[in-house]
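Visitor: I'd like to ask some things about the structure below.
The values are calculated or read from the model by the stated rules, or taken from the named source; none is laboratory data. The structure presented is a predicted model; accordingly, all values stated were derived computationally and were not measured. Here the Cβ positions follow ideal geometry from the backbone for every residue, glycine too, while neighbour counts run over all protein chains shown. Ligands, DNA and RNA are excluded from the accessible area calculation, which covers all protein heavy atoms including side chains. Shrake-Rupley method; radii C 1.70, N 1.55, O 1.52, S 1.80 Å.
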There are 2 protein chains.
Amino acid sequence: MLSDIEIAQACSLKPIQAIADRAGIAEAYVEPHGKYKAKISLELLQQLQDRANGKLIYVTAITPTPAGEGKTTTAIGLAQAFGQIEQPVLLCLREPSLGPVFGVKGGATGGGYSQILPMDEINLHFTGDIHAVTAAHNLLAALLDNHLYQGNALGIDPKRVVWRRVMDISDRQLRSIVAGLGNKSDGVARETGFDITVASEIMAILCLTTGIHDLKERLGRILVAYTYDNQPVYARDLKATGAMAVLLKEAIKPNLVQTIEGQPALVHGGPFANIAHGNNSIIATRLGLKLSKYVITEGGFASDLGAEKFFDIVSRAAGVKPDTVVLVASVRALKFHGGVAKEDLSREDLAALERGFVNLERHYRNLHELYRLPVVVAINRFPSDTPAELEFLAQKCQAIGARSAISEVVAKGGPGGIELARAVLDSLEEAADFQPLYPLELPLKEKLALVATRVYGAEGVAYTSQAEQALKRLEQLGYGNLPVCIAKTQMSFSDDPALKGAPSGWTLTVREVRVLAGAGFVVAIAGTILTMPGLPKVPAAEQIDLDDDGRIRGLF
Amino acid sequence: MLSDIEIAQACSLKPIQAIADRAGIAEAYVEPHGKYKAKISLELLQQLQDRANGKLIYVTAITPTPAGEGKTTTAIGLAQAFGQIEQPVLLCLREPSLGPVFGVKGGATGGGYSQILPMDEINLHFTGDIHAVTAAHNLLAALLDNHLYQGNALGIDPKRVVWRRVMDISDRQLRSIVAGLGNKSDGVARETGFDITVASEIMAILCLTTGIHDLKERLGRILVAYTYDNQPVYARDLKATGAMAVLLKEAIKPNLVQTIEGQPALVHGGPFANIAHGNNSIIATRLGLKLSKYVITEGGFASDLGAEKFFDIVSRAAGVKPDTVVLVASVRALKFHGGVAKEDLSREDLAALERGFVNLERHYRNLHELYRLPVVVAINRFPSDTPAELEFLAQKCQAIGARSAISEVVAKGGPGGIELARAVLDSLEEAADFQPLYPLELPLKEKLALVATRVYGAEGVAYTSQAEQALKRLEQLGYGNLPVCIAKTQMSFSDDPALKGAPSGWTLTVREVRVLAGAGFVVAIAGTILTMPGLPKVPAAEQIDLDDDGRIRGLF
């Protein structure tokens, strides 16, 4: 089989206006960026506000393993399959960060014959949204440090600045720095550091906002520091709101691209799925639902992270409800959850598959029983899967009452997803009775406990004294009614990446609590969460090259 | 009079293809970015390689003062004036950095009725070129620190890393930092810092390169560090070349926009004019000369900085020669050079004008006698100028044999520049006998001495022992044949910003010497050059705002 970029480069793309036409977007709303990408004017969303919404199909996955599940690829292939059976569809995805592109091999534009295009441009600077977030974030940091330097009229305690800086590169060297060294004119010496841009609160804001007015409100509410008197300092106190909004003026508009088979895709926003909420922008999803009968979207990591955050944070802010869920699993990944080592995953092993199935089952029950949604299990077929394994997995799904369908979209594109597409359409006939897990009025600790015990399967939640204090302080500051966003490892239901399957008898330990007041949620950090990745020993960057004719080589 | 952004917003822009048509660029080569900006495919330059070049009009200025000279505005207004007299023209300008936009009020897109549009987009992220430079620069830094962290096979001395990081924000706090603090897994602790992106060697490379092959060569040649054995380490040793080139794949294509009166403008690249060479990209200028009978371009600061570097660095690398020069001056600025305080500049003062004229005269003689070019003095008229002052200045110009013309392009647009345009056309009838100041074969010190004594009017050059050593080392490493790029204050011919007029009897002190091996020049630093600006007490950012309908307010 050809590599992803070879498949992508062999494909002949349609001009972006043809894709816009297919999505029902008139030329007046299309702002082309090159020949195959466009930004869509926000006026279109306003224009369509009275139109009925389409159906929202949410794609999530079992707990990630090194064996791969293929969630994004399945979402893309499913959209292509809808195209094959001539159903109107629109795809809403997150946009990729540059960091992983040059670090660990792997983009965020699908794979094989299920991709969004132009994959190289989407994976590189795309339409500049992430660069705009970087600029807005760092402008706020510069204004804050300039305030400290120019007399500090607000009385900000330099030791209690909570706003760091960001960069869209994986660079461990910047995690922890002392800045403001040098001469008297070179700022105020203090400890700080950089996160990767997708971990920025501004990225979360961009994805949760509903328009320019709301964007400015949220930017102004960002809590950046505390004063010597322990009072919060907001971005608006630094008069930073307008300038940040101006920098995000284009980034707020959703981006239109195409699948390899010509379905329209809105690719917009990409926040982290642990420290932030891990789903594409509300503006894109809302627009998609106005434009198309069926909208397919997906969130980061497994259903305990991206999906939980979509249901409990995004869906409330967006005023939209999911109609059905696709839960992506693979035989290999389930065998890994059943205890098989990575190098042995190609051997048939029904016993391991059975042991690992508990991971799928918990995700399924959460989606179906907690959130009351129809669920289709998508079995992403790998060449090493045996007929006996595939049959066994299908039976296990049936035994717990779950629909399932085999997906072969990597190898076959849309035609490999027709069975899945039909199962999804079937599931939409089922009555969905979606509701979020908790009402916002509950105290923060009760909300955290509900996610930990009901979704993760923990016995309870333990707090460090630092976390206890922070929770109390945030309730006092009036943040008690915000939804919660738990940052934990994606490699387990628990906060211990080594616990595979469906661990029970464990306690979630929250060691730190922060508010993202502009984004509008309280982050509880369980375990060690890296907000700035590092590069591996042999970075993918070493393999990437540009021919003299401008053609990229070695990108996945 | 309306503000710049009010004038810009009241203007009805032509679709970018209409501007491309006017420039003779077929649709196949136009990659639109929104409705009013486009990137132009490099294939067009190849296509036109056998076409004869147009005439190159180089716009420079007298030594900057707080009174303002209006060089960029004059260049834009002159292009508009060519339009008024129905002469084919194309403008080549630098693209602005975000840093100054949010710091000190003032963009880089002209002013009044001589602007390039869309001014807000050009001043903000434009087509992402500067962000691409930031990403490529910082990727190289991350790869270098990752190399140190992952075992340091090349034996790089962490104390002799010469590659810093960059950000396109004015942020003094980042000038001097210690990075790599924290845990063992958080990198290798060492001193470093950030420059503003336009001071990056990669920006200089982007502007000096002639195509993708050459770009890769130059990127690979960047000298990033020395080993414990005192051997140079290059970007290619870190296998960073291909990935950086991929990040710059779009940035290398020139950007097309329009003047307020519809003339095509290629706005591409914007390196610092002290630490780097301060002129727009060679690719844009070359393309312009193939497309148009007349090309107007300009460089940073006064003729001792941007123009000298164009003549001695750019023109050699580009294989193009200027045909005539416009030297922008104003009555107010000359009075400032004559010793008048900023607040008294509106009062008529012929004696001060006469005293300050020596600054103009030295610039004129350098351009006309050293570089053997025709020169037109553009007197940029301000409302406070009296008829007597304007008349006196015109006579002074005539007395030294300089053509002059009054320009009113700020208040009147193209019609205010017709007199200047006719004088420029006249000057092109004069025989130009351009040649650079020095042959490349001269030793570095002789080249530096020639610039200092012949262009700046110094008596000689003094070197710190550090600079002496560095020069010796660079000659040994084979960099003796590169052109030199002196980084000094723009506020004076000398290295002391307080010395106005045409100072003599002083010595240039070079305190540091570096090679930008990829860009292809040796930088000699005289005086204190800030490569990362700071924000002022009241940053322009505080006044900038975005309306709920997406309209920008307070941008200049």
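Visitor: Of the numbered conditions (1) part of a loop (DSSP other than H, G, I, E, B); (2) over 25 Å from B:Leu345 (Cβ atoms), B:Met1 satisfies every one except a single condition; which is it?
Guide: Every condition holds for B:Met1 apart from (2).
Visitor: Follow-up question, since we're still on this one. Looking only at the range B:186-234, which residues are assigned to a helix (DSSP H, G or I) and either among the polar types (S, T, N, Q) or within 17 Å of B:Asn146 (Cα to Cα) (or both)? If you could, list the steps in order and put the result at the bottom.
Guide: Within the range B:186-234, the subset assigned to a helix (DSSP H, G or I) is B:186, B:197-199, B:201-208, B:212-220.
Those that are assigned to a helix (DSSP H, G or I) and either among the polar types (S, T, N, Q) or within 17 Å of B:Asn146 (Cα to Cα) (or both): B:Asp186, B:Thr197.
Visitor: Across the range A:30-53, which residue is most open to solvent (accessible area, probe 1.4 Å) among those that are more than 11 Å from chain B (Cβ to nearest Cβ) and in contact with a Leu (Cβ under 8 Å, 6 or more places away or on another chain)? Steps first, answer last, please.
Guide: Taking the range A:30-53 as the starting set, the residues that turn out to be more than 11 Å from chain B (Cβ to nearest Cβ) are A:40, A:44-45, A:47-53.
Then drop every residue that is not in contact with a Leu (Cβ under 8 Å, 6 or more places away or on another chain), which leaves A:40, A:44-45, A:48, A:53.
Values: A:Ile40: 0, A:Leu44: 7, A:Leu45: 31, A:Leu48: 19, A:Asn53: 83 Å².
Once the filter is applied, the top-ranked residue is A:Asn53.
Visitor: Which residues, counting only those in the range B:89-124, are assigned to a helix (DSSP H, G or I) and open to solvent by less than 10 Å² (accessible area, probe 1.4 Å)? Don't jump to the end; show me each part of the working.
Guide: Start the filter on the range B:89-124 by keeping residues that are assigned to a helix (DSSP H, G or I), which leaves B:98-102, B:119-123.
Across the range B:89-124, the qualifying residues are B:Leu98, B:Gly99, B:Val101, B:Phe102, B:Met119, B:Ile122, B:Asn123.
Visitor: Right, next: Being touching a helix residue (DSSP H, G or I) at 6+ places or on another chain (Cβ under 9 Å), under 26 Å from B:Val314 (Cβ atoms) and in contact (Cβ under 8 Å) with a residue 60 or more places away in the chain narrows it down to one of B:Arg372, B:Arg422, B:Arg403, B:Arg362, so name that one.
Guide: Values: B:Arg372 fails: touching a helix residue (DSSP H, G or I) at 6+ places or on another chain (Cβ under 9 Å); B:Arg422 fails: under 26 Å from B:Val314 (Cβ atoms); B:Arg403 fails: in contact (Cβ under 8 Å) with a residue 60 or more places away in the chain.
One residue alone meets the criteria, B:Arg362.
Visitor: Next up: Can you name the condition, by its number, that A:Leu287 falls short on among (1) over 21 Å from A:Leu90 (Cα atoms); (2) in contact with a helix residue (DSSP H, G or I) (Cβ under 6 Å, 6 or more places away or on another chain); (3) aliphatic (A, V, I, L, M); (4) assigned to a helix (DSSP H, G or I)?
Guide: (1)
Visitor: Scan the range B:176-233 for residues that are within 9 Å of chain A (Cβ to nearest Cβ) and of a type in the set (Val, Ile, Thr) and jot them down.
Guide: B:Ile177, B:Val178, B:Val188, B:Thr192, B:Ile212
Visitor: Return the total of residues in the range A:528-542 being over 30 Å from A:Leu508 (Cα atoms), free of Cβ contacts under 8 Å to residues at least 24 places away in the same chain and more than 7 Å from every other protein chain (Cβ to nearest Cβ).
Guide: Step one: of the range A:528-542, the residues over 30 Å from A:Leu508 (Cα atoms) are A:537-542.
Now narrow it down to the ones that are free of Cβ contacts under 8 Å to residues at least 24 places away in the same chain: A:537-538, A:542.
From what is left, the residues that are more than 7 Å from every other protein chain (Cβ to nearest Cβ) are A:538.
Total meeting the criteria: 1.
Visitor: Tell me, please, whether a residue that is of a type outside the set (A, V, I, L, M, F, W, C), touching a Phe, Trp or Tyr at 6+ places or on another chain (Cβ under 9 Å) and assigned to a loop (DSSP other than H, G, I, E, B) can be found in the range B:235-248.
Guide: No: the range B:235-248 contains no residue that is of a type outside the set (A, V, I, L, M, F, W, C), touching a Phe, Trp or Tyr at 6+ places or on another chain (Cβ under 9 Å) and assigned to a loop (DSSP other than H, G, I, E, B).
Visitor: Hey, another quick one. Those residues that are among the hydroxyl-bearing types (Ser, Thr, Tyr) and out of contact with any helix residue (DSSP H, G or I) (no Cβ under 8 Å at 6 or more places or on another chain), I need them from the range B:523-554; list them, please.
Guide: As a first pass, look at the range B:523-554 and keep what is among the hydroxyl-bearing types (Ser, Thr, Tyr): B:528, B:531.
Matches in the range B:523-554: B:Thr528 only.
Visitor: Turning to a different aspect of this structure: Being more than 22 Å from B:Pro374 (Cβ to Cβ), in a loop (DSSP other than H, G, I, E, B) and out of contact with any helix residue (DSSP H, G or I) (no Cβ under 7 Å at 6 or more places or on another chain) is the filter here, so list the residues in the range B:309-348 that pass it. Give the steps one after another, and end with the answer.
Guide: Kept after step one, since they are more than 22 Å from B:Pro374 (Cβ to Cβ), are these residues of the range B:309-348: B:317, B:331-333, B:335-348.
Now drop any that are not in a loop (DSSP other than H, G, I, E, B), which leaves B:338-341, B:345-348.
Residues satisfying the conditions are B:Ala341, B:Ser346, B:Arg347.
Visitor: If a residue has to be free of Cβ contacts under 8 Å to residues at least 40 places away in the same chain and either more than 18 Å from A:Leu360 (Cα to Cα) or touching a Cys at 6+ places or on another chain (Cβ under 7 Å) (or both) to count, how many in the range A:460-494 make the cut?
Guide: 9
Visitor: Looking for something under 30 Å from A:Ile283 (Cβ atoms), in a helix (DSSP H, G or I) and touching a strand residue (DSSP E or B) at 6+ places or on another chain (Cβ under 7 Å) - is there at least one such residue anywhere in the range A:350-364? Please lay out each step first, then the result.
Guide: Pass one, the range A:350-364, residues under 30 Å from A:Ile283 (Cβ atoms): A:363.
Right, trim to in a helix (DSSP H, G or I) and you get A:363.
Checking which are touching a strand residue (DSSP E or B) at 6+ places or on another chain (Cβ under 7 Å) leaves us with A:363.
Yes - at least one qualifying residue is present in the range A:350-364.
Visitor: Assuming A:Glu475 fulfils every condition listed in (1) closer than 26 Å to A:Phe336 by Cα; (2) open to solvent by 20 Å² or more (accessible area, probe 1.4 Å); (3) touching a Pro at 6+ places or on another chain (Cβ under 9 Å) apart from one, which condition is it?
Guide: The number of the failed condition is (1).
Visitor: Oh, and also: Is the range B:531-539 home to any residue that is open to solvent by less than 20 Å² (accessible area, probe 1.4 Å) and more than 30 Å from A:Ile252 (Cβ to Cβ)?
Guide: Scanning the range B:531-539 turns up no residue that is open to solvent by less than 20 Å² (accessible area, probe 1.4 Å) and more than 30 Å from A:Ile252 (Cβ to Cβ).
Visitor: Condition (residue is over 30 Å from A:Tyr29 (Cβ atoms) and of a type in the set (Ser, Thr, Tyr)) applied to the range B:30-51: is it met by at least one residue?
Guide: No, there is no match, as no residue in the range B:30-51 is over 30 Å from A:Tyr29 (Cβ atoms) and of a type in the set (Ser, Thr, Tyr).
Visitor: Does B:Phe521 meet the test of being touching a Cys at 6+ places or on another chain (Cβ under 8 Å), more than 9 Å from every other protein chain (Cβ to nearest Cβ) and crowded, with 22+ Cβ neighbours inside 10 Å?
Guide: Values: touching a Cys at 6+ places or on another chain (Cβ under 8 Å): yes; more than 9 Å from every other protein chain (Cβ to nearest Cβ): yes; crowded, with 22+ Cβ neighbours inside 10 Å: yes.
Criteria met by B:Phe521.
Visitor: Have a look at A:Ala240, A:Ala284 and point out the one that is within 14 Å of another protein chain (Cβ to nearest Cβ) and within 21 Å of A:Ala199 (Cβ to Cβ). Working first, answer last.
Guide: On the way: A:Ala284 fails: within 14 Å of another protein chain (Cβ to nearest Cβ).
Selected residue: A:Ala240, the only one of A:Ala240, A:Ala284 that is within 14 Å of another protein chain (Cβ to nearest Cβ) and within 21 Å of A:Ala199 (Cβ to Cβ).
Visitor: Also, quick follow-up: Looking at the range A:290-308, which of its residues are in a helix (DSSP H, G or I) and either open to solvent by 10 Å² or more (accessible area, probe 1.4 Å) or free of Cβ contacts under 8 Å to residues at least 60 places away in the same chain (or both)?
Guide: Correct list: A:Lys290, A:Leu291.
Visitor: Right, here's the next one. Among the residues of the range B:254-276, write down those that are under 18 Å from the mean Cα position of the chain (by Cα) and either in a loop (DSSP other than H, G, I, E, B) or at positive phi (or both).
Guide: Selection gives B:Pro254, B:His268, B:Gly269, B:Gly270, B:Pro271, B:Phe272, B:Ala273, B:Asn274, B:Ile275, B:Ala276.
Visitor: Further, regarding this structure: Among residues belonging to the range B:54-66 that are surrounded by 18 or more Cβ atoms within 10 Å (Cβ to Cβ) and in a loop (DSSP other than H, G, I, E, B), point out the one that is farthest from the other protein chains (Cβ to nearest Cβ).
Guide: Result: B:Ile62.
Visitor: Condition check: under 33 Å from the mean Cα position of the chain (by Cα), modelled with pLDDT of 95 or more, buried (at least 22 other Cβ atoms within 10 Å of the Cβ) and facing chain B (nearest Cβ under 9 Å). Does A:Asp129 satisfy that?
Guide: On the way: under 33 Å from the mean Cα position of the chain (by Cα): yes; modelled with pLDDT of 95 or more: yes; buried (at least 22 other Cβ atoms within 10 Å of the Cβ): yes; facing chain B (nearest Cβ under 9 Å): no.
In short, no.
Residues are listed down the side, and each one gets a yes or a no for (1) polar (S, T, N, Q); (2) open to solvent by 20 Å² or more (accessible area, probe 1.4 Å); (3) more than 7 Å from chain B (Cβ to nearest Cβ); (4) touching a strand residue (DSSP E or B) at 6+ places or on another chain (Cβ under 8 Å):
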position	(1), (2), (3), (4)
A:His137	no, no, yes, yes
A:Leu144	no, no, yes, yes
A:Leu148	no, no, yes, yes
A:Val161	no, yes, yes, yes
A:Val166	no, no, yes, yes
A:Ile169	no, no, no, yes
A:Leu174	no, no, no, yes
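Visitor: Just checking, how many residues over the range B:150-159 are within 9 Å of chain A (Cβ to nearest Cβ) and touching a Phe, Trp or Tyr at 6+ places or on another chain (Cβ under 6 Å)? Don't jump to the end; show me each part of the working.
Guide: In the first step, residues of the range B:150-159 are kept if they are within 9 Å of chain A (Cβ to nearest Cβ); the result is B:150-151.
Among the residues that remain, those that are also touching a Phe, Trp or Tyr at 6+ places or on another chain (Cβ under 6 Å) are: none.
Of the residues in the range B:150-159, 0 are within 9 Å of chain A (Cβ to nearest Cβ) and touching a Phe, Trp or Tyr at 6+ places or on another chain (Cβ under 6 Å).
Visitor: Which one of the conditions (1) within 25 Å of B:Leu90 (Cβ to Cβ); (2) open to solvent by 10 Å² or more (accessible area, probe 1.4 Å) does B:Lys342 fail to meet, given that it meets all the rest?
Guide: (1)
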